[in-house]
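Worksheet for the structure shown next.
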Amino acid sequence: MRGLLDLLGTRLPIVQAPMAGVSTPALAVAVSEAGGLGSVAVGGADVEAARGMIHEVRARTDRPFNLNVFCHRPPRRDPAREARWLETLAPCFRSFGAEPPALLGEVYRTFVDDEAMLALMLDERPPVVSFHFGAPPRPTADALRAAGVRLLGSATNLDEARALEAAGVEAIVAQGYEAGGHRGVTDPDAPDDRLGTFALTRLLAACCRVPVIAAGGIMDGAGIAAALALGAAAAQLGTAFIGCLESSADTAYRAALAGPAAAHTVMTRLISGRPARCLANRFTELARILDEASVPDYPLAYAAGKALATAARAHGETGFGAHWAGQGAPMARSLPAGELVATLEEERRSCARS
Ligand SMILES: Cc1cc2nc3c(=O)[nH]c(=O)nc-3n(C[C@H](O)[C@H](O)[C@H](O)COP(=O)(O)O)c2cc1C
């Protein structure tokens, strides 16, 4: 544990997961000030927005923080498939008096060939950068490390973990199938062994050279203590922070998290084109009747998913929101983030003592 905490420059073995669209610079500041590692997600942001978020964090804390980007392969364009998908969703759009978009855009750009985002990182030098959906090319990782930036990456199996090590990543987030949000799989079309957090954490801790950070379904100090007992050096929690006052989750998302849907999360690629775990809602219900194999590539499908959520919301229906959450969702707490971090650490210590 000490090695990782020294690498990250934090006091506690707690990482607040980057959550595009949900985590905020204020959340990262609160977590980092409390001794954990706060994360800023810029997977959905352009360079100027990312720079603004970095400055917002730096204006309020001098503690380390993590900047997170997506390394997905660019989508394969298939106009016929995209048109068929939009036709499939058309009745849903029409039920809200709207039409599906005419074309699907790339709502999230990959970092893999984003030279402007790399230049921003080399200029700003955030203390930590983390990658989801694989890693960038080795020269990019080397340039960041040479600039003094520490690198993390998500893996869902041993092969992905080894590829991250080979790419120059210095600690691996072992993301179990329980986790909320997008699975960090490199290839969403490859067979998925769906390893749970318990098995994956132990496997990577035993087989990797670099420290492991466990993620997926961890909601309290007992979960963190269990992850450390399995050999992880820290735990990364996402869903636990959605209900925090500093998150940007809207009222409907918070209500869904506090309601019965929290006990029934669903893994589906219908909403975005990549497998992701969401609170059960009207969108995930569609997964029961629609063929997931016909969904366009990420993030093209996400353009349709976001448009449908907006059309539905305009009619007072919030059940098409991308309400990502992990299997521990019923245990989410609504606290200021600093208080949550202090509580998690207190729970972890009392668990370790007993
Ligand atoms: C709302 C939400 C958004 C997420 N967005 C990102 C993201 O932008 N980047 C990323 O690396 N991981 C993202 N994740 C996945 C987390 O990094 C982490 O693996 C996951 O939250 C752990 O599972 P838990 O939610 O059960 O704690 C997201 C998770 C959630 C719940």
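The values are calculated or read from the model by the stated rules, or taken from the named source; none is laboratory data. All values derive from a computational prediction rather than experimental measurement. Heads up, the Cβs are rebuilt from the backbone with ideal geometry, glycines too, and the neighbour counts pull from every protein chain shown. Keep in mind that these areas ignore ligands, DNA and RNA; they rest on the heavy atoms of the full protein, side chains included. Shrake-Rupley method; radii C 1.70, N 1.55, O 1.52, S 1.80 Å.
Considering only the range 14-29, state which residues are away from the ligand (no atom under 13 Å from the Cβ) and either charged (D, E, K, R) or open to solvent by less than 20 Å² (accessible area, probe 1.4 Å) (or both). Passing the criteria: 25, 29.
Per the conditions (1) open to solvent by less than 80 Å² (accessible area, probe 1.4 Å); (2) in contact (Cβ under 8 Å) with a residue 60 or more places away in the chain, the sole criterion not satisfied by residue 310 is (2).
Counting just the residues of the range 285-296 that are open to solvent by 20 Å² or more (accessible area, probe 1.4 Å) and touching a residue at least 60 places away in the same chain (Cβ under 8 Å), which one comes out nearest to residue 95 (Cα to Cα)? Within the range 285-296, the match that is nearest to residue 95 (Cα to Cα) is 286. Cβ-Cβ contacts under 7 Å between residues 6 or more apart (or on different chains), taken from a first residue in the range 96-107 that is closer than 10 Å to residue 302 by Cβ to a second residue that is of a type outside the set (Ser, Thr, Tyr) and not in a loop (DSSP other than H, G, I, E, B), are listed as 104/82; 104/300; 104/303; 104/304; 105/303; 106/300; 107/303; 107/306.
Exactly one residue out of 112, 107 is in a loop (DSSP other than H, G, I, E, B) and at pLDDT below 95: that is 107. Here is a check on your reading of the model: is residue 204 assigned to a helix (DSSP H, G or I) and away from the ligand (no atom under 12 Å from the Cβ)? Yes; evaluated as a whole, the condition is true for this residue. A search for C-beta distances below 8 Å between a residue of the range 113-137 that is within 21 Å of residue 29 (Cα to Cα) and any residue that is among the basic types (Lys, Arg) and modelled with pLDDT of 95 or more, counting only pairs 6+ apart in sequence or on different chains, returns 120/51; 124/51; 127/150; 128/150; 129/150.
Scan the range 313-354 for residues that are among the hydrophobic types (A, V, I, L, M, F, W, C) and open to solvent by 60 Å² or more (accessible area, probe 1.4 Å) and report the count. So the answer is 3. Open to solvent by 30 Å² or more (accessible area, probe 1.4 Å), within 15 Å of the ligand (Cβ to nearest atom) and not aliphatic (A, V, I, L, M), is that true of residue 246? Yes; evaluated as a whole, the condition is true for this residue.
Taken together, 241, 283, 198 contain a single residue that is in a helix (DSSP H, G or I) and within 18 Å of the chain's Cα centre (by Cα), which is 241.
When you scan the range 38-57, do you find a residue that is at pLDDT 95 or above, within 16 Å of the ligand (Cβ to nearest atom) and open to solvent by 60 Å² or more (accessible area, probe 1.4 Å), even just one? Yes; the residues of the range 38-57 include at least one that is at pLDDT 95 or above, within 16 Å of the ligand (Cβ to nearest atom) and open to solvent by 60 Å² or more (accessible area, probe 1.4 Å).
Has the range 92-104 got at least one residue that is out of contact with any helix residue (DSSP H, G or I) (no Cβ under 9 Å at 6 or more places or on another chain) and open to solvent by 60 Å² or more (accessible area, probe 1.4 Å)? The answer is yes; a qualifying residue exists. Reported count of residues in the range 153-177, each being part of a loop (DSSP other than H, G, I, E, B) and either under 18 Å from residue 40 (Cα atoms) or free of Cβ contacts under 8 Å to residues at least 60 places away in the same chain (or both), is 6. Is there a residue being surrounded by 21 or more Cβ atoms within 10 Å (Cβ to Cβ) and within 19 Å of residue 38 (Cβ to Cβ) anywhere in the range 189-200? The answer is no; no qualifying residue exists.
Assessment of the range 134-152 against the conditions (open to solvent by less than 10 Å² (accessible area, probe 1.4 Å) and either part of a helix (DSSP H, G or I) or over 22 Å from residue 213 (Cβ atoms) (or both)) yields at least one matching residue. Residue count for the range 326-351 under the criterion of being within 15 Å of the ligand (Cβ to nearest atom) and under 12 Å from residue 27 (Cα atoms): the result is 3. Return yes when residue 302 is within 16 Å of the ligand (Cβ to nearest atom) and touching a Pro at 6+ places or on another chain (Cβ under 7 Å) and no when it is not. No, not satisfied.
Exactly one residue out of 215, 232, 222 is among the aliphatic types (A, V, I, L, M), touching a residue at least 12 places away in the same chain (Cβ under 8 Å) and surrounded by fewer than 22 Cβ atoms within 10 Å (Cβ to Cβ), and it is 222.
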